[in-house]
1. Tell me yes or no: at least one residue of region 100-108 is within 16 Å of the chain's Cα centre (by Cα), under 25 Å from D88 (Cα atoms) and either aliphatic (A, V, I, L, M) or buried (at least 16 other Cβ atoms within 10 Å of the Cβ) (or both).
2. I'd like to verify a number: residues in region 1-46 that are exposed (fewer than 14 other Cβ atoms within 10 Å of the Cβ), under 25 Å from G161 (Cβ atoms) and modelled with pLDDT under 90, how many?
3. Taking the residues in region 28-52 that are of a type in the set (D, E) and free of Cβ contacts under 8 Å to residues at least 12 places away in the same chain as candidates, determine which candidate is farthest from K101 (Cα to Cα).
4. What number goes with the only condition from (1) without any contact (Cβ under 8 Å) to a residue 60 or more places away in the chain; (2) within 24 Å of E173 (Cα to Cα); (3) more than 11 Å from the chain's Cα centre (by Cα) that R136 does not pass?
5. Where residues in region 47-74 are in contact with a strand residue (DSSP E or B) (Cβ under 6 Å, 6 or more places away or on another chain) and among the aromatic types (F, W, Y), which of them is farthest from F166 (Cα to Cα)?
6. What number of residues within region 57-78 are buried (at least 20 other Cβ atoms within 10 Å of the Cβ), in contact with a Gly (Cβ under 7 Å, 6 or more places away or on another chain) and at pLDDT below 95?
7. List pairs: first in region 162-181 and closer than 19 Å to I91 by Cα, second β-branched (V, I, T), Cβ under 7 Å, 6+ apart or cross-chain?
8. Please verify whether G145 is within 25 Å of K22 (Cα to Cα), touching a residue at least 24 places away in the same chain (Cβ under 8 Å) and either touching a Pro at 6+ places or on another chain (Cβ under 6 Å) or assigned to a loop (DSSP other than H, G, I, E, B) (or both), treating the condition exactly as stated.
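The values are calculated or read from the model by the stated rules, or taken from the named source; none is laboratory data. Quick caveat: nothing in here was measured; it's all calculated off a predicted structure. For neighbour counting, all protein chains shown are included, and Cβ atoms are generated from backbone atoms with ideal geometry for every residue, glycine included.
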Amino acid sequence: MHYNNITEKISFEILSSEIGLKPASESDIEYIMAQEQSPENNQYVSNWSKEEHLCTINSTTGKEFIIFDRKNNKAAGFVIILGLNSDDNNILIKRLVITDKNKGLGRKTLELLKKWAFETLHAHRLWLDVKEFNERAKHLYQSTGFILEGKMRESKKEPDGSYSSFYILSILEDEYYSSKQ
């Protein structure tokens, strides 16, 4: 599905004045996979199959959202969230891809996700991982309150046979609420 210049009324689950997160459906998978596979994104994120996306979309433990830039009325990326039924109240931002880069939409999306996770879902911990060489994303996460917890060395085998290392970052509920005061 192509998402430029939205003309139909779209039902959003999560809204701010600038960003909307629409629950993804099967018809959105083509868009999501195209963003994962684009040259500007695929070195930073894993590529899932259609079946893997369908499994998450139809799951009660995860959600996929299309990110909309409400100001420009167009899609700006997608996000995958896992751990929604975690006994430990830990929610994972599995994948965050912003297609309309350098406009602050990643920061706005993270702020909206934190608010949703802590104020609506009452999460204890919101976490993510980021490839070691993705300094730009790591800086963004840290500047929005995520704390560097550590590094998983060579933990993912890449299609070319090499291994990637990842940083783990998180923000806890009390840290979120302290930053709001």
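1. No, that holds for no residue.
2. Number of matching residues: 1.
3. The residue in question is E51.
4. The one condition R136 does not meet is (2).
5. F68
6. The total comes to 1.
7. What qualifies is F166/V130; Y167/V130; L169/V130; L169/I147; S170/I147; I171/I147.
8. On the way: within 25 Å of K22 (Cα to Cα): yes; touching a residue at least 24 places away in the same chain (Cβ under 8 Å): yes; either touching a Pro at 6+ places or on another chain (Cβ under 6 Å) or assigned to a loop (DSSP other than H, G, I, E, B) (or both): yes.
Against the criterion (within 25 Å of K22 (Cα to Cα), touching a residue at least 24 places away in the same chain (Cβ under 8 Å) and either touching a Pro at 6+ places or on another chain (Cβ under 6 Å) or assigned to a loop (DSSP other than H, G, I, E, B) (or both)), G145 qualifies.
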